[in-house]
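Reviewing the structure listed below.
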Amino acid sequence: MKHAASFCFLTLALAALVPHGSAHAHEPDPTAKSQLLLAHYMPWYEAKPFSKQWGWHWTMNQFDPAKQTDGKREIASTYYPLIGPYDSADPHVLEYHVLLMKLAGIDGVIVDWYGLTDYRDYAALNHNTTQILKQCERLNMKFVICYEDQTIPALVKAKRIAATDRAAHAAKEIRWLSKYWFKSGAYVKLDGEPLLLSFGQTGLTDEEWSQCLKETEARVTYISQHHRRHVAHGAFDWPVPSDALAKWDQFYRDSQRWPHAIPVAFPRFVDIYAEAKVSESYGRLDDDGGASLRKMLKRAGASKAAIVQIATWNDWGEGTQIEPCHEFGYRDLEIVQEVRRPQFGQGFNLTPEDLRLPIRILQRRRQVTSDEQKKSLDQIAQMIATGDLSAARTELSN
């Protein structure tokens, strides 16, 4: 479950970005500055038959995906994924997601990370996060970790860590990130250091974050959520559905005083929490035929922020997803293409038709039986990743 928060801006040269384009695309002027567009990614879904059970984020202890109506399973969402409810550990689904993002003009993901402790579903989330990051590396996409430090009070309450070790626990986990994921060539850097985000205000205090970052012995550029902590280099924006447009305006005003900020764009906010009896609804922002997403993306682009976040790729419980669904099809990704196109001019030749390629690969993945077929699909995915869409279409037509 995600609720009100906020994302900020960064600064990266276009030369550091992975170019997008079709077979006829060319890389934009490397001396120019361009925005890095990242999608916030939730790695928390469990689904049969890939897993042995349906996870909480599809059921919320109220819905039963085993029940079907008109071919659709009963899930905890107002909207329905185009590929149906899926498992976040399924490599075929993750490949489908990453290829779709690339073809929409999205440069990478910001992944929710709940740390390393084997408590609740944290270990499974860590595993799933590793799987999506591997796909990003494989398919030439960027990634960033958003640390859920709200896990720390939960660990204290469960007596898994001492209350006096809150900052030390976070420092230990960030050192682990530094040893592994921060070293990846796909990891986003800001001011020459790995970018680290934290979600919410209910985890570590400002003082504990200061202590934590001193103890890590690893240099990072830290960005907090919604409001800039005194140790942070800036803040990032997030949907606040109860007063969405006013909060959105306020973030742009406040962020002018910060070294860095990441504005947010989101298509709607239609949560399922009241219906699922999880909590009262956090509010609503109507889809408005795609106008909300288009307006937010255009303003973020006009801000010249070096990084913009879309919230979210796949939070189905809050209805903020831009992942293709039965209700809107590929429309949200087509809007992303539309807004991205002027930034790259003739260097961005991706089309709505291109967005239909990844699902064809996914469908074949679910049918193949031989190693030769699997190898062929691996090659087609790489064709898309490198922009050779003409060759990918030819192979998929065989």
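The values are calculated or read from the model by the stated rules, or taken from the named source; none is laboratory data. Keep in mind it's a predicted model, so treat the numbers as computed, not measured. Cβ placement follows ideal geometry from the backbone for every residue including glycine, while neighbour counts extend to all protein chains displayed.
Here are a few things to note about the model shown:
- Residues satisfying the criterion are present in segment 258-268 (criterion: touching a residue at least 60 places away in the same chain (Cβ under 8 Å) and closer than 15 Å to Arg331 by Cβ).
- The residues on offer are Glu327, Glu372, and the sole one that is surrounded by fewer than 16 Cβ atoms within 10 Å (Cβ to Cβ), of a type outside the set (S, T, N, Q) and free of Cβ contacts under 8 Å to residues at least 24 places away in the same chain is Glu372.
- Test result for Asp29, assigned to a loop (DSSP other than H, G, I, E, B) and at pLDDT 50 or above: no
- Boolean, Ala381 is crowded, with 18+ Cβ neighbours inside 10 Å and of a type outside the set (D, E, K, R): yes
- Condition check for Thr78 on (1) farther than 24 Å from Leu357 by Cβ; (2) not hydrophobic (A, V, I, L, M, F, W, C); (3) not in a loop (DSSP other than H, G, I, E, B): one failure, at (3).
- Search result, residues across segment 201-225 that are closer than 27 Å to Gly319 by Cα and surrounded by fewer than 18 Cβ atoms within 10 Å (Cβ to Cβ): Gln201, Thr202
- Qualifying residue in segment 57-74 (condition: under 22 Å from Tyr330 (Cβ atoms), in a loop (DSSP other than H, G, I, E, B) and within 16 Å of the chain's Cα centre (by Cα)): no
- Flag for Pro85 being over 15 Å from the mean Cα position of the chain (by Cα), part of a strand (DSSP E or B), crowded, with 16+ Cβ neighbours inside 10 Å and modelled with pLDDT of 95 or more: no
- In summary, Lys2 fulfils each of the numbered conditions (1) modelled with pLDDT under 95; (2) over 15 Å from Trp316 (Cα atoms); (3) surrounded by 19 or more Cβ atoms within 10 Å (Cβ to Cβ); (4) among the charged types (D, E, K, R) with the single exception of condition (2).
- Leading residue by the ranking (farthest from Ala305 (Cα to Cα)) among those in segment 257-273 that are in contact with an Asp or Glu (Cβ under 6 Å, 6 or more places away or on another chain) and not in a strand (DSSP E or B): Asp271
- Complete set of residues in segment 226-251 that are under 25 Å from Lys189 (Cβ atoms), surrounded by 16 or more Cβ atoms within 10 Å (Cβ to Cβ) and out of contact with any strand residue (DSSP E or B) (no Cβ under 6 Å at 6 or more places or on another chain): Arg229, Val231
- Restricting segment 167-206 to residues that are of a type in the set (Asp, Glu) and either within 19 Å of Ile262 (Cβ to Cβ) or touching a helix residue (DSSP H, G or I) at 6+ places or on another chain (Cβ under 8 Å) (or both) leaves a set whose member that is modelled with the highest pLDDT is Glu193.
- Screening segment 278-388 for helices (runs of 4 or more DSSP H) wholly inside it with 1 or more residues that are of a type in the set (Val, Ile, Thr) returns the ranges 331-344, 357-365, 371-385.
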